[in-house]
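What follows is a single structure, written as C-alpha cells, with notes after it.
The values are calculated or read from the model by the stated rules, or taken from the named source; none is laboratory data. Being a predicted model, the structure only gives us computed values, none of them experimental. Note: ideal-geometry Cβ built from the backbone for every residue, glycine included; neighbour counts use all protein chains shown.
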Amino acid sequence: MFSGFMVNTWLAATVVAIVAGVVGFFVVARGASFAAHALCAGAFPGAAAALVLGTSTLGGLVAFAALGVAGITWINRKGRRDVATALTLVTLLGLGALFLSMASEYAPEVESLLFGQILGVSSSELVFLVLVATLCVVTIGVAFRPLLLTSVNEDLGQTQGIAPKRADLAFLAILGLATAMAVPVVGTLLVSTLMVGPSAAAQILSPRPFVALMASIALAATTAWLAVALAYRSGWPVGFFVGTIAALAYLTARASTSARRRC
Amino acid sequence: MSALFHALFARGLFSNPAVHTAAIVGALAAISASVAGVFTVMRGQSFAGHALGDLGAAGGSAAALLGISPLVGFVGIGAVAAVAMSTLGSHGRRDRDVATGVVLGAGLGVTGLLLYLDTTHSSTTGAAVSVMFGSMFAVAPSTLPAVVAATGFLALCLGALYRPLLLSSVMSELAAVQGVRVALVEASFLGVLVVAVALSALTVGAVLATALLIGPAATAIRLARSPGTAILVAAAIGVGSTWMAIILAYDSYYWSASHSGWPVSFFVVSLIFVAYLVAELLSSVGSRLATHRDPSVSRTLS
C-alpha cells in the first residue's frame, strides 16, 4: 500500500486535503457550499473536453473552473446568488454532456474523473499540484483577515475598508483553482465534499477561527487518508469513502455538541 | 416550402415513436419542473433542488442495478434525501447550506459506488453517462402512465398549496401571522420538489435536472410581474425549449457525416440558458428606457 506508485498518491492526497481543509474553512464560514459544489462539478466538462481534444486534463479543468467563476459572478450581478450558481453549473454540465457524447469510448475514464480512482500520480503532476496548492494557501494567508471579516459580516468588512464584491471574487477564484487541482485525485463530484464535511465538523467543535481552521485541515487529511486506504483495499471508488467519512465526521461533531449541551 | 419544412423537421420526426414519447414525457416534466421551480427560486432553495437532482443519480443507478423503473429510484432516493436535509438543516440559512452540502456529498459517494458496481457486475459502461446526463429518446413508453400520474399529483398539490406557499415564500413571518402552518407548508413543498426533480431527472438526466427546475423559472421571474404570470411564462419556456431541443437533437443526426447525433440534454440546457440571456438583455434594455423616461421610477424599483 505504501510502495511504488502509491507514494505519490499519498503525497497528492495529503496536499489536496490540506488545501481542501483551508479553503473549506471559508466555504463553510461564507455559506458557499453550493458555489463549491458548482465549481467542482462544473470543472468536470473541462476534463471531458480535454479528452476529446487530446489536451492536458488539468488545463481543461482550470479553464472550466474559470468559466464557472466568471458565470457565477456575472449572473450574480442582478439575480440571486443561488440561481446564478445553478444556471452556471447546468450550462457547464450541458456542455459536458455534449463532450461526453463525442468521447463515448472513454466511459471508464469518465467515471474515474467523476468519482475518483486511485491512479498513479506522476512526479511532474505532483510538482504541479504542490505549486498550485502553495499558491492557494499563500493567497488565503494574505487575504485571511478580509476574507474572515466579510464571511462574518459584510457590513463589518465594509467599515474596515474591504469591498465585499472583491473579496467574494478573490474567494471564488481560489476556490476554482483548489477545485481544479483536487479533481484528479478525489473526483469532481466529491471535491466539494472534502471541503464541506470536515470543515463544518471543525466549526461545530470550535468557535475560535484559528483552532477551527487547524481542526478542519486535520479532519480533511484524516478523511482523505482513510478514503485512499479503504479505496486501495476494496478497489471501490475513492469518492464513496470521502463522501461517507465526511458525512460521518459532520454527524459525529453534531451529535457530540448536542450531547454536551444536554449534560 | 417543403424543402424548408424538411430542413427544419428532419425526415421521420413526426412518425418516430421514440420522438412521440420524448415529446409527451418531456413536456409534462418541463411543466412540472418549471412551475415548482418558480417557488424554488422565490424561496432561495436552488441548492436543495440541485442536490435532490444529483442525488437522484444514486436512485437511478440503484434502479439500473436492480432493473426497476428509474422514476421509482429517483423518487425513493429523493424522499430519503429530503428528510435528511430538513432534519439536519433546521437552524437557519448557513446551517441549511452545510447540511445540503454534506447530504449531497454522502449521496454522490454512494452514487459512485453504485455506478462502479453497475459497471463491474453488468459491464454496461454507459450506465453512468445515461443516468447522469439522460437521454429523452431512451425513455421507455411504459413509464408514461407513471409520469402522467406524477404530474397530476403535482398539479393537485400545488393547487392546494398555492396561496399559503406563495405567502410563506415571500415572507414566512407574515404567513405565520396569517395562520399558515409554515413548517407543514415547507415539508409539503419539499415533497413536491422531490417529484418535480425526479420527473426532470428522467428527461434530462440527474445532474442536469436543475436546468429545467431553475432556468425557466429564473427567466420568467425576470420578465413577469406577478407570480401567476411567472408560472405561465416559466411553463411555456420549459416546454418550448424541451420541444425545440427534441427537434434539434433529431436533426443533429444528419449534421455530420458520421451520423452521431448530439445529446438532447445539451440542447435543452443551452436553449434554457439562451432564454435567460435574452431575458436579461430585454430587462436591462427595458430598465434603461425607463430611466430615460422617469429616473425616479427605476430608482424606486431597484
Within the stretch A:136-157, is there a residue that is out of contact with any strand residue (DSSP E or B) (no Cβ under 7 Å at 6 or more places or on another chain), in a loop (DSSP other than H, G, I, E, B) and closer than 17 Å to A:Met181 by Cβ? no
Quick one: in the stretch A:85-118, of everything that is modelled with pLDDT under 70, out of contact with any Ser or Thr (no Cβ under 7 Å at 6 or more places or on another chain) and not in a helix (DSSP H, G or I), which residue is farthest from the other protein chains (Cβ to nearest Cβ)? A:Gln117
Can you give me the number of residues within the stretch B:83-105 that are surrounded by fewer than 22 Cβ atoms within 10 Å (Cβ to Cβ), assigned to a helix (DSSP H, G or I) and more than 11 Å from every other protein chain (Cβ to nearest Cβ)? 2
Could you please give the count of residues in the stretch A:31-68 that are surrounded by fewer than 23 Cβ atoms within 10 Å (Cβ to Cβ) and touching a residue at least 24 places away in the same chain (Cβ under 8 Å)? 7
Is it the case that B:Gly67 is free of Cβ contacts under 8 Å to residues at least 24 places away in the same chain, surrounded by fewer than 24 Cβ atoms within 10 Å (Cβ to Cβ) and of a type in the set (Gly, Ala, Ser)? yes
Restricting the search to the stretch A:63-80, which residues are more than 19 Å from the chain's Cα centre (by Cα) and part of a helix (DSSP H, G or I)? A:Trp74, A:Ile75, A:Asn76
Checking A:Ala229 against (1) closer than 30 Å to A:Ser122 by Cα; (2) of a type in the set (A, V, I, L, M); (3) in contact with a Leu (Cβ under 7 Å, 6 or more places away or on another chain): exactly one of these is not met. Which one? (3)
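To keep it simple, each residue is scored yes or no on (1) out of contact with any Leu (no Cβ under 6 Å at 6 or more places or on another chain); (2) away from chain A (no Cβ under 14 Å); (3) crowded, with 20+ Cβ neighbours inside 10 Å; (4) modelled with pLDDT of 90 or more.
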| position | (1), (2), (3), (4) |
| --- | --- |
| B:Leu199 | yes, yes, yes, no |
| B:Gly205 | yes, no, yes, no |
| B:Leu212 | yes, no, yes, yes |
| B:Ala217 | yes, no, yes, yes |
Consider the stretch A:52-80. How many of its residues are among the polar types (S, T, N, Q), more than 16 Å from A:Arg166 (Cα to Cα) and within 14 Å of chain B (Cβ to nearest Cβ)? 0
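Each row is one residue, and each column tells you yes or no for (1) under 18 Å from A:Leu95 (Cα atoms); (2) crowded, with 17+ Cβ neighbours inside 10 Å; (3) more than 10 Å from chain A (Cβ to nearest Cβ); (4) modelled with pLDDT of 85 or more.
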residue	(1), (2), (3), (4)
B:Thr229	no, no, yes, yes
B:Ala235	no, yes, yes, yes
B:Trp262	yes, yes, no, no
B:Arg288	no, no, yes, no
B:Asp294	no, no, yes, no
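Okay, residues lined up against (1) at pLDDT 70 or above; (2) assigned to a helix (DSSP H, G or I); (3) within 30 Å of B:Leu248 (Cα to Cα); (4) of a type in the set (A, V, I, L, M, F, W, C):
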position	(1), (2), (3), (4)
B:Leu113	yes, yes, no, yes
B:Leu117	yes, yes, no, yes
B:Thr124	no, no, yes, no
B:Gly152	yes, yes, yes, no
Count of residues meeting criterion [assigned to a helix (DSSP H, G or I) and either buried (at least 20 other Cβ atoms within 10 Å of the Cβ) or in contact with a helix residue (DSSP H, G or I) (Cβ under 7 Å, 6 or more places away or on another chain) (or both)] in the stretch A:233-251: 12
